[in-house]
Amino acid sequence: MIFNSIEFLCFFIVFFVLYWLVLNGRTRLQNILILVASYFFYAWWDWRFLALVIGGTYITYAIGKAMHNATTEKARSWWMRLGLAQGLGGLLFFKYCNFFIQSFTDALELIGLSANAPVLNIIVPLGISFYTFRILSYLFDIKNRKIEPESDWVAFFAYVAFFPTFISGPIDRARTFLPQLASARTFNYDNAANGLRQILWGLFKKLVIADNLSVLTAQVFDNYDTLPASALLIGAFSFALEVYADFSGYSDMAIGVSRLLGFNTAKNFDFPYFALNIAEFWRKWHISLTSWLTEYLFTPLTIAFRDWNKAGLILAIIINMMVVGFWHGASWTFIVFGFIQGCYFIPLILRGKFNKKKRLQKGQLLPTWQEALGIISTFITIALTDVLFRSESLSQAMHFYKSLVSTSLFASPALDGKFIVTAFLVFIFIVLEWIGKDNEYAIEKLGLKWPTLFRWSAYVIIVFFIGMYMNTSETPFIYFKF
Amino acid sequence: MKKFLIHIIFFACFALLGYAVLVVIWGEVMPKGFKKNINYRVGSYGHMNTRVREAKQFENVDILFLGASDAYRSFDTRIFEAQGYKSFNLGSSSQSPLQTEVLLKKYLPTLNPKKVIYAVSPFVLCSDGVESALDLEANEDIDWNTFNMVMNVNQIKPYNTFIYATYRQLRHKDDNFIEPLETDEDKYAKGGFVEKKNYTFNSKLKVATTKNDLEFNARQKCAFENILLMLQSSGAEILLVKTPVAHYQEYSHPLWDSIQTYYASKAPYYNFNQPNMGFVDTLHFNDQYHLNQRGVEKFNAMLIDSLLKN
């Protein structure tokens, strides 16, 4: 039941009516409804892991209380470790177990020992990376005395399982989301209309841009050994745009659905491909994850390494980025991806520009040539590194990179006619994103000051583009596998 | 909340209308490659345009042939005519039961067949019905049955094409279209049969649906059962036939066996893929799923001898 399905539409209409028309003003009952609907939503995907989710949530809830009631700092730390073991243990087992076994076997073979380790047939529970980070933030915040443990178990369980963000984020912190669950919600027309607009934009990004780019990307990555370098470059750019449109499209839909229910969910993207350098890019990309890691990993690391000055900062950022990479998938391609991303920060750190925020001026129609250069070079850097993200293995990525360095970079890309149509759609997308870059999402303010007829016409044009260019078959979201 | 719900309803109506207008404009103005989800093909490769025009002139036939390309490429109405059977072939490209049902609702009363030979395959009950829906929308008169069929197929391409086709028909834009009866590859014969001119066997050509993709489509099954009921109530005798295919041994999907059992439970079912029938891939076929004219003659003679004369 993905957001862009008839099943979800039916589910949500029923939910919306119950939530606002039947239970309006009864916060606890609304929370119970959220909880039941969230578990139903999850069970629709795979009911087998529902017990894992409920069990994990209950243990976290109990540990949070025990940690708060602990009388000594040592006891609090032990409870925190237990919570970490419980949260990360599940993640490590389901997502990374086979990777560690395989890597261990490979390492033994490298030193001449043969090992016949079994590959476990483990199915990764959907959304495990996202809800693990959600429950860990709750425990960290209790440990750091930023919040009190939640007294209402329904609210806590609803926070962990909140269906709009459960499967693929954004990763809301307990300290910002639990108070929203505790307070009474009133229906707000502007907020709901804003939510619908954001859902529409998310659908456009996913169905028109990401799904069409996915065809082009697949065409290139499936035939990278026979295509000219110019096509490979287009494929790399295509994937970079695809993954953005796919994931930010999902996030827009999740945030929009949350708005319809009266919640403010964490922002996840801030037009990252208009970033002027790599540091700004990572402040704008998957914000709920990067800010989570900044708070709970990077900042403690920089404090731990503070005596090593710039070297300490470099080490902290490389570790942080490797974790970002590893969070995405249990593969060396992701670890190397993270390592390279971390290395990109080194020049900024050495020149003392790491913390200097560089942003485009608000309201400017066109970038200056220095800004354009910054945007283009950052995009190319990211797109080329994303080859690792898309490749099945390091050797495939290396082959791809080797094939890129060729005189065929100036040859005709030899892609089919659909490439022109996709390029046309991407052009429209980039123009709209650029025009709306000062807002939360591109069409947030589109036509708000126009007469209703014109504004609605603009939305219908977007609906039309979705209907005209969506794929006939459903394409899963890329981040579902993380 | 009330204002929100009222606005949603108004916007939905406005969006439906605006969307339809934009589909028509896009269909008229944009080059083909930019019309990804409009696929309007008047006179496509199955000669459907000519066939439905001709169907209106036929009545009270002895045999009516139904099915996908294996029907209109396998049952040569000229051969049956020579044997004294007045027949019409209402097959069309990738025709699935959803489309057969629409065609029968329209033509069964006038064609009024004594026998119906329905070419069935593992694919028809598993098909999404999109290709044939598009064929029908562009070449057949749009009416309530077509709309129902599009709703049942429930895919964006048939929806958009339906809107565009309705506009074209309301404006009589294709009224003067005459489909050529003969192309480099095919020749349309009176009564709906399409003869392949080529006799060479192309072993690589396969239809997009592979046997591994088979999965029952409940809507197709329901339409198939409606068809049988419709034919039974008209008094026509029904014969379900699996036409010969090359490499028949590749039909090893477990679902195919259950589909055959299902067919046999519904009406007399004949599978013309027995080892003793003597069809040779390189001699009697154009590709994996279609006979060449030599194969058609052999198959039709066999069919007449075994099913019609006896």
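The values are calculated or read from the model by the stated rules, or taken from the named source; none is laboratory data. This is a predicted model, so every value here is computed, not measured. A quick note on method: Cβ atoms are made from the backbone with ideal geometry, for glycine too, and the neighbour counts reach across all protein chains shown.
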Inset, instruction - Inspect region A:378-396 for any residue being of a type in the set (G, A, S) and either modelled with pLDDT of 95 or more or under 30 Å from A:A174 (Cβ atoms) (or both) and give the result as yes or no. - result: yes
Legend entry - Subset tally (residues that are closer than 19 Å to B:G27 by Cβ and more than 7 Å from chain B (Cβ to nearest Cβ)) for region A:432-460: 0
Inset, instruction - Just need a number here: residues in region B:3-40 that are among the basic types (K, R), surrounded by fewer than 17 Cβ atoms within 10 Å (Cβ to Cβ) and farther than 30 Å from A:D190 by Cα. - result: 1
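Look through A:F465, A:F429 and report the one residue that is within 14 Å of another protein chain (Cβ to nearest Cβ), buried (at least 18 other Cβ atoms within 10 Å of the Cβ), in contact (Cβ under 8 Å) with a residue 60 or more places away in the chain and within 16 Å of A:G249 (Cα to Cα).
Numbers: A:F429 fails: within 14 Å of another protein chain (Cβ to nearest Cβ).
That would be A:F465, the only listed residue that is within 14 Å of another protein chain (Cβ to nearest Cβ), buried (at least 18 other Cβ atoms within 10 Å of the Cβ), in contact (Cβ under 8 Å) with a residue 60 or more places away in the chain and within 16 Å of A:G249 (Cα to Cα).
Which of the residues belonging to region B:89-117 are within 11 Å of the chain's Cα centre (by Cα) and not in a loop (DSSP other than H, G, I, E, B)?
Quick first cut of region B:89-117, residues within 11 Å of the chain's Cα centre (by Cα) only: B:89-103.
Selection gives B:N89, B:P97, B:L98, B:Q99, B:T100, B:E101, B:V102, B:L103.
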Inset, instruction - Could you grab me the full set of residues in region A:171-197 that are within 14 Å of chain B (Cβ to nearest Cβ) and either out of contact with any Asp or Glu (no Cβ under 8 Å at 6 or more places or on another chain) or at pLDDT below 95 (or both)? - result: A:R185, A:T186, A:F187, A:N188, A:Y189, A:D190, A:N191, A:A192, A:A193, A:G195, A:L196
Legend entry - Selection within region A:59-77 - farther than 20 Å from A:E150 by Cβ and of a type in the set (K, R): A:K74
Inset, instruction - Kindly check whether there is at least one residue in region B:78-94 that is more than 24 Å from B:L134 (Cα to Cα) and among the acidic types (D, E). - result: yes
Legend entry - Search result, residues across region A:1-56 that are touching a Pro at 6+ places or on another chain (Cβ under 6 Å) and within 14 Å of chain B (Cβ to nearest Cβ): none
Inset, instruction - Go through region A:269-292 and count every residue that is touching a Phe, Trp or Tyr at 6+ places or on another chain (Cβ under 8 Å), touching a residue at least 24 places away in the same chain (Cβ under 8 Å) and not aromatic (F, W, Y). - result: 8
Inset, instruction - Name every residue in region A:1-23 that is assigned to a loop (DSSP other than H, G, I, E, B) and touching a helix residue (DSSP H, G or I) at 6+ places or on another chain (Cβ under 8 Å), in order of residue number. - result: A:M1, A:I2, A:F3, A:N4, A:L23
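So, A:K437, is that one under 30 Å from B:F10 (Cα atoms) and charged (D, E, K, R) or not?
Numbers: under 30 Å from B:F10 (Cα atoms): yes; charged (D, E, K, R): yes.
Here the answer is yes, as A:K437 does meet what is asked.
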Legend entry - Among residues of region B:118-136, those that are of a type outside the set (G, A, S), assigned to a helix (DSSP H, G or I) and within 14 Å of chain A (Cβ to nearest Cβ), counted: 3
Legend entry - Residue identified as aromatic (F, W, Y) and within 16 Å of B:L228 (Cα to Cα) among B:Y85, B:Y118: B:Y118
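Only one of A:F104, A:F12, A:F40, A:F16 is at pLDDT below 95, out of contact with any Gly (no Cβ under 7 Å at 6 or more places or on another chain) and not charged (D, E, K, R). Can you tell me which?
Working: A:F12 fails: at pLDDT below 95; A:F40 fails: at pLDDT below 95; A:F16 fails: at pLDDT below 95.
Just one listed residue meets the conditions, A:F104.
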Inset, instruction - Output yes when any residue across region B:109-116 is modelled with pLDDT under 95, surrounded by fewer than 20 Cβ atoms within 10 Å (Cβ to Cβ) and among the hydroxyl-bearing types (S, T, Y), and no when none is. - result: no
Inset, instruction - Test each condition in (1) assigned to a helix (DSSP H, G or I); (2) more than 14 Å from every other protein chain (Cβ to nearest Cβ); (3) over 30 Å from A:G64 (Cα atoms); (4) hydrophobic (A, V, I, L, M, F, W, C) for A:L227 and report the one that comes out false. - result: (1)
Legend entry - Selection within region B:1-54 - at the interface with another protein chain (Cβ under 8 Å from one of its Cβ atoms) and among the charged types (D, E, K, R): B:K3, B:K35, B:K36
Inset, instruction - Please list, ordered by first then second residue, the pairs with beta carbon atoms under 6 Å, 6 or more apart or interchain, first in region B:8-29 and over 14 Å from A:A458 (Cα atoms), second β-branched (V, I, T) and modelled with pLDDT of 95 or more. - result: B:A20/B:I163; B:V23/B:I163; B:G27/B:I38
